[in-house]
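See below for the structure under consideration.
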Amino acid sequence: MQTQVGPGATDKTVCLTAGRAGRIAVFLCLVLLPIAARAQAAAKPSPPAAARTADPVIAVDHGPNALIQESKHYVVLVSLDGFRYDYAKKYGAKNLLSLAAHGASAPEGMIPAFPSVTFPNHYTLVTGLYPEHHGIVANTFYDEQRKQTYEGTDPKTSADGSWYGGTPLWVLAEQQGMRSACFFWPGSEAEIRGMRPSFYLHFDDKFPEEKRIEQVIAWLRLPAEQRPHFITLYYSNVDHAGHDYGPDSPQTGAAVKHVDELVGKLWARLNALHLPIDLVVVSDHGMARERGPWINLDQFPGIDLSGFETEGSLLYPKSEEAAEAAYQRLKRVDPAFVVYRRKHVPVGLHYASNARAGDPVVVATGPFAIRAHGPKAGEEDKPPKVGMHGLDPRQVPEMKAIFYAAGPDIRAGATVKPFDNVNVYPLLAELLGLQAPPVDGSLNVLSGILVAEPAP
Ligand SMILES: [Zn+2]
């Protein structure tokens with residue numbers, strides 16, 4: 001059951017954040033074009049087809065698993081986009097609650113990186129880096145040096161590895177001779193550090209949900225030499241429902257129960273394989289009910305953003321003077337947001353060091369929809385969606401995400417206090433027995449959920 005369906009029958013989406021100038025905000029869902037994307041995929045030169053399984057899986061032949069990796073454990077990492085930290089209890093997601101009982105969970109949530117939107121957080125989860133360090137600072141942002149805009153929903157940029165920093169887990173695995181597979185994940189369509197997953201697909205939000213599970217199981221049934229040890233899987237239903245109907249709606253409750261059933265099916269199928277598989281279920285961010293109409297930054301008295309590049313609420317000045325002038329005009333004009341010169345963005349937001357975040361930086365104080373400009377003359381404007389995210393999770397707890405893990409390496413019934421999602425990466429590297437580079441996260445934060453303490 002697809003609970004999403006927004007206005008506009010063509011939209012499919014993953015919720016990403018900021019979109020193109022004019023009709024974007026701090027958050028926003030993406031509209032993808034599965035058909036166009038597929039056509040484009042078909043037109044691309046195919047990678048070596050040696051291990052091609054089923055269309056539309058793209059196989060890249062990296063040879064067999066290194067012998068030393070064959071005996072390592074497996075990790076299936078599932079993302080449920082927009083699944084707020086309290087949804088499982090609120091809506092009775094019995095499979096996730098059972099996963100918590102059989103494994104580990106964060107009952108008060110996992111803290112997403114700022115901004116709490118899809119692309120930055122998915123990429124943080126698989127790199128252990130805050131967005132300012134991996135470079136995907138929003139779903140859509142401008143790069144002053146490249147004079148280009150990154151858009152998560154545009155394969156021309158989202159599949160271009162030169163935008164991405166860090167070493168995603170699938171790249172880390174492949175570098176160490178361990179096969180990996182991505183059934184969707186932001187960044188997984190790009191060649192990063194010269195490497196791709198052994199198996200991946202072009203994003204198609206309409207791809208049948210149960211078939212995604214079938215494919216994951218098929219990968220795990222490959223001969224041990226070819227079998228991927230690290231696998232990602234993604235569902236967007238809960239995010240769509242949250243945006244369209246709000247976090248407290250029956251539609252969102254139904255989407256929660258639906259993806260919970262998918263998790264239950266996946267878990268049962270994984271258990272039936274009798275392989276040492278750790279199942280980890282996360283989300284990228286939560287959801288809050290939006291309050292009020294659009295706030296257009298260019299509407300405040302004395303502000304002139306005409307010389308700025310803008311993306312959503314991100315502001316890119318042409319000069320230091322322009323940045324300072326915008327800062328002076330925007331500070332304290334509206335309690336709905338705080339504005340900082342980028343170098344003064346509070347340390348806890350980890351958003352000061354990357355020019356892609358713009359300057360000044362506008363941070364909403366609550367669930368308000370903020371954008372640089374309203375629609376151009378003659379362009380249609382739509383009110384903000386019912387549900388939104390993208391906010392500072394320390395100010396708006398509804399932004400918190402989920403973390404569940406169960407499997408042979410995870411202690412049953414373990415619980416952890418809220419933790420930054422940069423700490424997932426070192427945990428997954430440990431479960432997979434991979435050597436991890438230094439990142440913003442630390443294994444210490446989650447090592448307590450492991451059955452065996454890691455070697456010092
Ligand atoms: Zn969203």
Among the candidates GLY302, GLY378, residue that is in contact with a helix residue (DSSP H, G or I) (Cβ under 6 Å, 6 or more places away or on another chain), surrounded by fewer than 21 Cβ atoms within 10 Å (Cβ to Cβ), more than 30 Å from LEU96 (Cβ to Cβ) and modelled with pLDDT under 95: GLY302
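Residue-by-condition table, conditions (1) more than 19 Å from LYS265 (Cα to Cα); (2) under 20 Å from the mean Cα position of the chain (by Cα); (3) modelled with pLDDT under 95; (4) in the same structural domain as GLY161 (by TED's automatic domain parsing):
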residue: ALA190; (1), (2), (3), (4): yes, yes, no, yes
residue: LEU201; (1), (2), (3), (4): yes, yes, no, yes
residue: GLU214; (1), (2), (3), (4): no, no, no, yes
residue: LEU222; (1), (2), (3), (4): yes, no, no, yes
residue: GLY242; (1), (2), (3), (4): yes, yes, no, yes
Filter result for HIS62 (within 29 Å of ASP260 (Cβ to Cβ) and either more than 16 Å from the ligand (Cβ to nearest atom) or modelled with pLDDT of 95 or more (or both)): no
Residue in region 214-235 that is assigned to a helix (DSSP H, G or I), among the aliphatic types (A, V, I, L, M), in contact (Cβ under 8 Å) with a residue 60 or more places away in the chain and within 16 Å of the ligand (Cβ to nearest atom) present: no
Where a residue in region 237-256 is more than 15 Å from the ligand (Cβ to nearest atom) and its partner, wherever it lies, is charged (D, E, K, R) and in a helix (DSSP H, G or I), with Cβ under 9 Å and at least six apart: ASP248/LYS90; GLY253/LYS90
Residue in region 92-102 that is in contact (Cβ under 8 Å) with a residue 40 or more places away in the chain, surrounded by 24 or more Cβ atoms within 10 Å (Cβ to Cβ), on the phi < 0 side of the Ramachandran plot and within 16 Å of the ligand (Cβ to nearest atom) present: no
Filter pass, SER306 being among the polar types (S, T, N, Q) and over 29 Å from the mean Cα position of the chain (by Cα): yes
Residue that is outside any strand (DSSP E or B) and either of a type in the set (Val, Ile, Thr) or more than 30 Å from VAL339 (Cβ to Cβ) (or both), where the choices are LYS382, LYS417: LYS417
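Matching residues to (1) within 30 Å of ARG332 (Cβ to Cβ); (2) among the small types (Gly, Ala, Ser):
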{"residue": "ALA352", "(1), (2)": "yes, yes"}
{"residue": "GLY358", "(1), (2)": "yes, yes"}
{"residue": "PRO375", "(1), (2)": "yes, no"}
{"residue": "HIS389", "(1), (2)": "yes, no"}
{"residue": "VAL422", "(1), (2)": "no, no"}
{"residue": "SER447", "(1), (2)": "no, yes"}
Matching residues in region 80-91 - criterion: being among the aliphatic types (A, V, I, L, M) and away from the ligand (no atom under 16 Å from the Cβ): ALA88
Positions within region 283-329 being among the aromatic types (Phe, Trp, Tyr), part of a loop (DSSP other than H, G, I, E, B) and under 20 Å from GLN145 (Cβ atoms), in sequence order: PHE308
Pair list, Cβ under 6 Å, 6 or more apart: region 145-159 residue over 13 Å from PRO186 (Cα atoms), other residue assigned to a loop (DSSP other than H, G, I, E, B) and of a type in the set (Ser, Thr, Tyr): none
Subset of region 109-137 that is aliphatic (A, V, I, L, M) and part of a loop (DSSP other than H, G, I, E, B) - its residue that is surrounded by the fewest Cβ atoms within 10 Å (Cβ to Cβ): LEU129
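The values are calculated or read from the model by the stated rules, or taken from the named source; none is laboratory data. Fair warning: this is a prediction, and the values are worked out from it, not measured in the lab. Because the Cβ atoms are built from the backbone with ideal geometry, glycine has one as well, and the counts that use them run over all protein chains shown.
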